[in-house]
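Below you'll find the structure, written out as structure tokens, and then a few comments.
The values are calculated or read from the model by the stated rules, or taken from the named source; none is laboratory data. Keep in mind it's a predicted model, so treat the numbers as computed, not measured. So basically every Cβ, Gly included, is an ideal-geometry build from the backbone, and we count neighbours across all protein chains shown.
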Amino acid sequence: MSSLESPRPLSLSRRLLVRSFPVLAMVLLGIQLLNGWIQYHSQLSALKTKADAIALLTAAAIAQPLWVFDRQIYEGQIRALNIDDEFVYARIVDDQGQEIFSYGDTTSESRHLYILSLPVSEPFQERTFAAFELGWSLQGVQQVIWQTVFVGLLLFGLTFGSLYLILHWAVRRSVLQPLQNLVQALRRIALKDWHQLDIDPKLKRTEWAEVFTAFNRMTMGLRSGDEARQYVDELKAAQEAMQDQHEAMSLLTERLHLATQAGKIGIWDYDVLTGERTWNDEMYELYGHAKGALEQDPLLWENSLHPEHRERAMENTQRALARKEILEDEFRIIRGDGEIRWIKTSGRVLRNGTGTPIRFLGTNMDITTSKEQEEALQTMAHFDALTGLPNRRLLLDRLQQAIARSQRQNTLLAVVMMDLDGFKAVNDDFGHDAGDHMLTVLAERMAACIRQEDTLARLGGDEFVLLLGELHNEAEIEQTLARILATVGEPVNIQDQSTQVSTSMGVTLFPADGSTAETLLRHADQAMYLAKRAGKNCVRYFSSLD
């Protein structure tokens, strides 16, 4: 065995006992360093706790305005952080890795910063669409440990300086230098630097030679074990991370699929840069096409649009890509089976850092039922339930429009009030169902006698109003009314019996007989009663009352 493996016992331990003062000095120095280290970690922990709390509150505060792109609000929230001297910078990065907003000095070196990165999620949903990053300065924390170490070193120097100068030369070679080498080696081990210690020939006959030899053997063993352990740990961590990610993605996909199935919501995705489009299964079902039909016909959506809505729907989509972030629209489509349905679409444009659109995402919902209900309510509000003719409300609206049009074009407008003669006897003899049948037949006959731009309305019972616009003389009025008198007087078959009625008409003209809708209707009604008194089945003008 060599002398390095079995050194001869010497008096180094006895010399160290005699020189216990330097040992005490080292102990006190270590205590001061430990105190500074503890204060450093205490200050660092306080900074991290404060930064974590402020970051969480700020991330929650900017989530809603960031989702709706209210830049003024979330910029104000972030600028409020500047009251803290330790705050360095903040920035927001979208889920594509593009920076949306930054504030402060983002070029600071990261080794002098404590950096936090928190996810920002959609309100009331679980999808993360941005990351909120904060940087806090560690200089204040570093100053604490340096101040503590400085004070400790100053006290240490004043107390043991003289003893250290006397004993330094004696113990430098036998204690201090080997100890420093050992400390440096231990620090390198903490950094995974498996550097071997060189044994000074002057120390071969001391206990340090055995210590260094044992240390080098330990280092080699730790190196081999650490490399194997590190490899195993990395494999385990990677496997666990992949498993967790797979489970999270599976759960999220299942939830999204269930939600779209339950709500029958179609999801579409348009890659602006490549022009590629993607539909989910519900989207194909909404449009009445087999899954994958979009791959065979890239213009499937455009071709499915109803001709009356195609141009407007495509313009709204292009407008959203060009100027807006949000698309909200309603349009009709023709499904693959030929059925016409109403669709409501909502979409959002995603842009890169330069503002260029990169993706267009959105949803489609079938709103045919609500549209049909809306149209039914509109019909009930403006049309007569029996005859389908405009009611009083719609009549007044069209009369006001006709007055304005006549003023612009300097033409005549005739308002004709009509009341059926002998209709009460039909109700009395045959019943109200027969009377309703006669009203329906006569309404269809009268409607066939007028132009498309004219209006025939039912006020109720057996009263009707006729609006004849864009006339140039009274002869045009007389021709239309003559046709109506003739067609109303034709027999109607009721319960296998031929039944006839007639009509009395009162006519008032705009602008000669009045300038408002109420006045014209009142004058037409007065002229109609004049026709009743004149023997019925005739026409009288309001001007004849003068």
| From the set of residues in region 424-453 that are surrounded by fewer than 19 Cβ atoms within 10 Å (Cβ to Cβ) and in contact with a Gly (Cβ under 7 Å, 6 or more places away or on another chain), which is nearest to L521 (Cα to Cα)? | E453
| field | Boolean, P7 is modelled with pLDDT under 60, in the same structural domain as G140 (by TED's automatic domain parsing) and not aromatic (F, W, Y) | value | yes
| query | What are the residues in region 306-329 that are crowded, with 16+ Cβ neighbours inside 10 Å and in contact with a Lys or Arg (Cβ under 6 Å, 6 or more places away or on another chain), if any? | reply | H309
| note | G338 passes all but one of the listed conditions (1) in contact (Cβ under 8 Å) with a residue 12 or more places away in the chain; (2) over 30 Å from D436 (Cβ atoms); the exception is number (1)
| Across region 445-475, which residue is nearest to R408 (Cα to Cα) among those that are part of a helix (DSSP H, G or I) and without any contact (Cβ under 8 Å) to a residue 40 or more places away in the chain? | A475
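Regarding A381, is this residue hydrophobic (A, V, I, L, M, F, W, C), over 30 Å from Q96 (Cβ atoms) and at pLDDT below 85? It would help to see each step written out before you state the result.
On the way: hydrophobic (A, V, I, L, M, F, W, C): yes; over 30 Å from Q96 (Cβ atoms): yes; at pLDDT below 85: yes.
Yes, satisfied.
Can we say K344 is free of Cβ contacts under 8 Å to residues at least 60 places away in the same chain, under 26 Å from the mean Cα position of the chain (by Cα) and part of a helix (DSSP H, G or I)?
Details: free of Cβ contacts under 8 Å to residues at least 60 places away in the same chain: yes; under 26 Å from the mean Cα position of the chain (by Cα): yes; part of a helix (DSSP H, G or I): no.
Answer is no for this residue.
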| query | Tally time: how many residues in region 330-366 are out of contact with any Gly (no Cβ under 6 Å at 6 or more places or on another chain), farther than 30 Å from D94 by Cβ and surrounded by fewer than 15 Cβ atoms within 10 Å (Cβ to Cβ)? | reply | 3
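So which residues in region 500-546 are of a type in the set (S, T, Y) and not in a strand (DSSP E or B), if there are any at all? Please lay out each step first, then the result.
Step one: filter region 500-546 for residues of a type in the set (S, T, Y), giving 502-504, 508, 515-516, 519, 529, 541, 543-544.
Those that are of a type in the set (S, T, Y) and not in a strand (DSSP E or B): S515, T516, T519, Y529, S543, S544.
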| In region 45-64, residue surrounded by the most Cβ atoms within 10 Å (Cβ to Cβ) [restricted to those that are more than 14 Å from G140 (Cα to Cα) and hydroxyl-bearing (S, T, Y)] | T58
| Which of the residues spanning region 25-44 are surrounded by fewer than 13 Cβ atoms within 10 Å (Cβ to Cβ) and either modelled with pLDDT under 75 or aliphatic (A, V, I, L, M) (or both)? | V27, I31, L34, I38
| request: Could you tell me whether R398 is among the charged types (D, E, K, R) and in the same structural domain as E470 (by TED's automatic domain parsing)? | output: yes
| region 400-435, residues that are more than 54 Å from the chain's Cα centre (by Cα) and in a helix (DSSP H, G or I) | F423, K424, A425, V426, N427, D428, D429, F430, H432, D433, A434, G435
| said: So, in region 486-506, how many residues would count as being among the hydrophobic types (A, V, I, L, M, F, W, C), at pLDDT below 95 and surrounded by 13 or more Cβ atoms within 10 Å (Cβ to Cβ)? | reply: 4
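Does L481 count as closer than 30 Å to N427 by Cα, out of contact with any helix residue (DSSP H, G or I) (no Cβ under 7 Å at 6 or more places or on another chain) and either assigned by TED's automatic domain parsing to the domain that holds V441 or in a strand (DSSP E or B) (or both)?
Values: closer than 30 Å to N427 by Cα: yes; out of contact with any helix residue (DSSP H, G or I) (no Cβ under 7 Å at 6 or more places or on another chain): yes; either assigned by TED's automatic domain parsing to the domain that holds V441 or in a strand (DSSP E or B) (or both): yes.
For L481, the condition - closer than 30 Å to N427 by Cα, out of contact with any helix residue (DSSP H, G or I) (no Cβ under 7 Å at 6 or more places or on another chain) and either assigned by TED's automatic domain parsing to the domain that holds V441 or in a strand (DSSP E or B) (or both) - is met.
How many residues does region 486-510 hold that are touching a strand residue (DSSP E or B) at 6+ places or on another chain (Cβ under 8 Å) and within 24 Å of R392 (Cβ to Cβ)?
Pass one, region 486-510, residues touching a strand residue (DSSP E or B) at 6+ places or on another chain (Cβ under 8 Å): 488-489, 491-493, 498-510.
In the following step, the residues that additionally are within 24 Å of R392 (Cβ to Cβ) were identified as 488, 501-510.
Selection size over region 486-510: 11.
So is L386 in a loop (DSSP other than H, G, I, E, B) and within 52 Å of the chain's Cα centre (by Cα) or not?
yes
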